[in-house]
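One structure is given below, encoded as structure tokens.
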Amino acid sequence: QVQLVESGGGLVQPGGSLRLSCAASGSIFSIYVMAWYRQAPGKQRELVASITSGSSINYADSVKGRFTISRDNAKNTVYLQMNSLKPEDTAVYYCNAYYFNNYWGQGTQVTVSS
């Protein structure tokens, strides 16, 4: 079992930046594949970025070059640095941990608007 708590969401103007954090507890963090998903109103949840235990990284095409995922195994935390934010990035962002089972955080709202 692993518990995930996201933080760092909020309201930002187009072109701005935010950094999301996801703190994990309850298990051996380093073995998990960690990922960020997002879900906009009326849309399906989609993968934003993922990072394996060996730090292999994958990004959705829509965020490549703007978002950076990273993990700090010593702090049991995964981050999502989001730059050059666009209105279409507005969504609830969810942290996910996978190792034979999926675990989800409660989500954090990101709103990009002027």
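Counting only protein heavy atoms and using a 1.4 Å probe, what share of the accessible area of the chain belongs to carbon plus sulfur, as a whole percent?
It is 48 percent, rounded to a whole number.
Given +1 on the Cβ of Lys and Arg, -1 on the Cβ of Asp and Glu, and no further charges, what dipole in debye does the chain carry about its Cα centre, rounded to the nearest 20? Walk me through the numbers on the way to the answer.
Values: 9 positive and 6 negative charges, 14 e Å.
About 60 debye.
With N set to the residue count of the chain, report its C-alpha Rg divided by 2.2 N^0.38 Å to two decimal places.
So the Cα radius of gyration is 1.00 times the expected 2.2 N^0.38 Å.
By accessible area of protein heavy atoms, probe 1.4 Å, what ranking do W36, W104 get, highest first?
W104, W36
Sequence gap at least 6, Cα distance under 8 Å: using those rules, report the relative contact order of the chain to the nearest whole percent.
37 percent
Excluding ligands and nucleic acids, what accessible area in Å² is computed for K75 using a 1.4 Å probe, to the nearest 10?
Ignoring ligands and nucleic acids, K75 comes out at about 130 Å².
If you take the square roots of the eigenvalues of the alpha-carbon gyration tensor of the range 25-75 and sort them as a ≥ b ≥ c, do you get rounded (a/c under 1.5), prolate (a/b over b/c) or oblate?
Working: a/c = 2.72, a/b = 1.60, b/c = 1.70.
Since a/c reaches 1.5 but b/c is at least a/b, the shape of the range 25-75 is classed as oblate.
The values are calculated or read from the model by the stated rules, or taken from the named source; none is laboratory data. If you're wondering where the values come from, they're calculated on a predicted model, not measured in any experiment. Cβ coordinates were reconstructed from backbone atoms using ideal geometry, including for glycine residues, and neighbour counts include every protein chain displayed. Side chains are part of the model used for accessible areas, which takes the heavy atoms of the whole protein and leaves out ligands, DNA and RNA. Shrake-Rupley method; radii C 1.70, N 1.55, O 1.52, S 1.80 Å.
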